């Protein structure tokens, strides 16, 4: 890869002011980035990192000055391209009205574009050569999902598709908001290589992340404090970890949940197919009460599909040999009988969560297994909700809309929703996505603190260093097959 | 023979009057009445599939009966059912085993479907409809040992599923046919079915086959489809005559109906009108009063023809005639200038739709109130009239936002489509003079421009009172309370 010596200013921000929902987030922020520089912007959740990138990309209203300089000595398009922390796609009808777990309900008419059609649309809009996308697709393991609909992808695959588009475009300025979220280890490594090459060609790349493993050419680090950018002289992911005061575990969580059967989950030779494509091959797995499982596997290896079989969300569970909480699936139980026993969080649940629910209602909805909240709660339940909110430090935002909080706080509230009913089984599918380092540690510490009290859990996480200590078993999937099943 | 016309006046009124919002406690038995029973659904389109998914997820035993040809040719209905791991079989294989047969095929096919299914049904089984047309208008006679019920969710199939999965539901009408309840189990079945759909959480209206049909037909052909089509086509043409850029007019009409009726959904007619400035609200009120005067005889004619059976008689003649009229009218609608002018890509803010298209709020208020008043005059109860008028406006409006009137007429039933054209063909000439007076400030430009916002206070008070105290608002506030968790239809 040639490394052109191109210099000059690329991003020049001065006196940037951004308010969100009535609160001042950025307050006179200054920032200058040179061509071909890689920047990491890190720090605590809610400090305004996303707002900064969005202001630079012209996606939100702001005060102050943002000047972007583009150069014509390169073929790279004169564009500042922003990659959102979440992938937002539309249905064929142009709306975004999808519902939780819709992807498992098969309808004959396509509801969204296929991955291939979406790429063609993107390429056509920007005049890109499809042949240059192909190596990227291959690198991210996308060659086989050309015929899949956007709706059917997992959250990790959505992230990859966003990144493929950005890397295919090769903009002069690339702004990445949490680019590693949901990516497996190999994909993160691939991404770093590709970003290094892009920076080497003269692109300016700024990323919001707390991930410590960065592209080699990302050498400038900053955090936002008091609405201003503060440059720090080294990779700052650990600096932001503040001492955490862990409050005592709420009393109701110190009790063992009522267990229906010591054999909590039993799957025998479960196979899931969509047409010709087999997503899970012959899975046999048994989870006993009190076990703490780590579920691992690359993006697209079938983890989310497996979990959807356990939570009553997948129609193919009716034709498989699955017993949940001692009862054979499809023997007259309702999905609400199953969900009652499970506390769950997943990227999908977060994505489809009711945007009109307050933090309080969101947590309360965990007691009724609804997305949002509609029914009255008893006095005891109200106390439970309050103690969990307090435990997670969310009491002061309990009347705010969940969707208006910084992503990290939203996550914490949904994690509070998981444990509020002291469930028999917790399913934690990438629970710490979007949390900063301190919040991740807080959450894992909480899990470790409550786990001795008869809890059973299944945990999905891509970062080996960011797992709770209590995990004692592991199931590993590769392309829909079990490659490890035992204790760790 | 039209069932309704065979009834005594007393019985006609009794059935028309049936409309009680059922208390939550009526559903305490959950799905018990249908537990372990074999449920066979005929038809696997949007309603069939999504209702079946909900019923199965509520612990019930569901399979699908399809025609042999649909299975052999692997049609969409077959794929929908098998891809979701349902058992699929022919009528002959499945219907004899069924305790409850749910007919979710299009209206037009009902006579044929029932004629094929009924002889196969076992003694004492139950049959469910989601629309009363076949029983009431076509006078289909069902074997006397069979229990006949109706459960009609008041939302499209995907909403039925989406709301269920978030732990909620959509409102439904339920009924038991008085001529077919030999064992007295009709209500137990209907209630369990409602619970399995999730509707008990959003409100179930205890209705009758007669009340459902007579109000449903009226709503769909007047306010829901007929009036929205009339308002869209006339407004667009008038804007273009007034020199408004056609691509802007097209966008204003296509999406305005969706945005404006979204306000209707959450706050009723007064909520919609409150989005206008005070002077604009008074103007819209005056226009809508005028519209109500002009259109009232037409609304009454539609209701009268529905009550007497004249409407369905004429429409069924067209069925026999190979849908000749329907297809002609459909083709005519597709050739209108509005349908053929693509929406521009200019950005229109939410408030701009209200401010620059005041005429539509006037049309919607007039249409909702007229439909509601006319139904109530005819003996239909306020709750039924509300569900068949105001409640469904945003759902239909959403189809127009998707792909204009083409999409609306594609999504609604053939019966609704036929009635819609009937209404439009009569209403457009009726409004010719009215439309000539409509200037660009009422459709296409901001009404508030160049005005200082002052109004006569006592006039405003009276207008607000008239809006808020209308009976459709009073029943609407009550019914919407049941749907507190209603989510915006679209999030775009």
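Got a sec? Which of B:380, B:348 is assigned to a loop (DSSP other than H, G, I, E, B), under 27 Å from residue B:16 (Cβ atoms) and in contact (Cβ under 8 Å) with a residue 24 or more places away in the chain? If you could, list the steps in order and put the result at the bottom.
Details: B:348 fails: under 27 Å from residue B:16 (Cβ atoms).
Step by step, each of B:380, B:348 is checked, and only B:380 is assigned to a loop (DSSP other than H, G, I, E, B), under 27 Å from residue B:16 (Cβ atoms) and in contact (Cβ under 8 Å) with a residue 24 or more places away in the chain.
Say whether the condition of being in a strand (DSSP E or B), more than 14 Å from every other protein chain (Cβ to nearest Cβ) and farther than 18 Å from residue A:440 by Cβ is met by at least one residue in region A:393-401.
Of region A:393-401, the ones in a strand (DSSP E or B) are A:401.
Filter again for more than 14 Å from every other protein chain (Cβ to nearest Cβ), leaving none.
Scanning region A:393-401, I find no residue that is in a strand (DSSP E or B), more than 14 Å from every other protein chain (Cβ to nearest Cβ) and farther than 18 Å from residue A:440 by Cβ, so the answer is no.
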Contacts under 8 angstrom Cβ, first residue in region B:234-250 being more than 12 Å from residue B:337 (Cα to Cα), partner modelled with pLDDT under 95 and surrounded by fewer than 17 Cβ atoms within 10 Å (Cβ to Cβ), 6 or more apart: B:245/B:344; B:248/B:344; B:248/B:346
Test result for residue A:73, surrounded by fewer than 16 Cβ atoms within 10 Å (Cβ to Cβ), over 22 Å from the mean Cα position of the chain (by Cα) and assigned to a strand (DSSP E or B): no
Output for region B:265-280, where each listed residue is modelled with pLDDT of 95 or more and touching a helix residue (DSSP H, G or I) at 6+ places or on another chain (Cβ under 8 Å): B:268, B:269, B:270, B:271, B:272, B:273, B:274, B:275, B:276, B:277, B:278, B:280
Qualifying positions in region A:306-321 - free of Cβ contacts under 8 Å to residues at least 60 places away in the same chain and either out of contact with any strand residue (DSSP E or B) (no Cβ under 7 Å at 6 or more places or on another chain) or away from every other protein chain (no Cβ under 13 Å) (or both): A:312, A:317, A:318, A:319, A:321
Residue match in region A:108-123 (condition: out of contact with any helix residue (DSSP H, G or I) (no Cβ under 8 Å at 6 or more places or on another chain), in contact (Cβ under 8 Å) with a residue 60 or more places away in the chain and not in a loop (DSSP other than H, G, I, E, B)): no
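Can you tell which of A:425, A:394 is modelled with pLDDT of 95 or more, farther than 22 Å from residue B:168 by Cα and not assigned by TED's automatic domain parsing to the domain that holds residue A:26?
A:425
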Options A:64, A:28; residue that is part of a strand (DSSP E or B) and free of Cβ contacts under 8 Å to residues at least 60 places away in the same chain: A:64
Subset of region B:171-190 (residues that are more than 14 Å from chain A (Cβ to nearest Cβ) and in a loop (DSSP other than H, G, I, E, B)): B:177, B:178, B:179, B:180, B:181, B:182, B:183, B:184, B:185
Of residues in region A:267-287 being over 28 Å from the mean Cα position of the chain (by Cα) and closer than 20 Å to residue A:327 by Cβ, the one surrounded by the fewest Cβ atoms within 10 Å (Cβ to Cβ): A:269
Test: residue in region A:12-19 that is touching a strand residue (DSSP E or B) at 6+ places or on another chain (Cβ under 6 Å) and modelled with pLDDT under 90: no
Residue, nearest to the other protein chains (Cβ to nearest Cβ), within region B:153-170, restricted to residues that are closer than 28 Å to residue B:137 by Cα and at pLDDT 90 or above: B:160
Residue that is more than 14 Å from chain B (Cβ to nearest Cβ), touching a helix residue (DSSP H, G or I) at 6+ places or on another chain (Cβ under 7 Å) and at pLDDT 95 or above, where the choices are A:295, A:253, A:267, A:214: A:295
Elements of type helices (runs of 4 or more DSSP H) in region B:1-112, at least 1 residues being within 13 Å of chain A (Cβ to nearest Cβ): B:46-57, B:68-72, B:76-83
Residue among A:390, A:369 that is within 11 Å of another protein chain (Cβ to nearest Cβ) and under 14 Å from residue A:420 (Cβ atoms): A:369
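The values are calculated or read from the model by the stated rules, or taken from the named source; none is laboratory data. No experiment lies behind these values; they were computed from the predicted model shown. Virtual Cβ from ideal backbone geometry, glycine too; neighbours counted across all protein chains shown.
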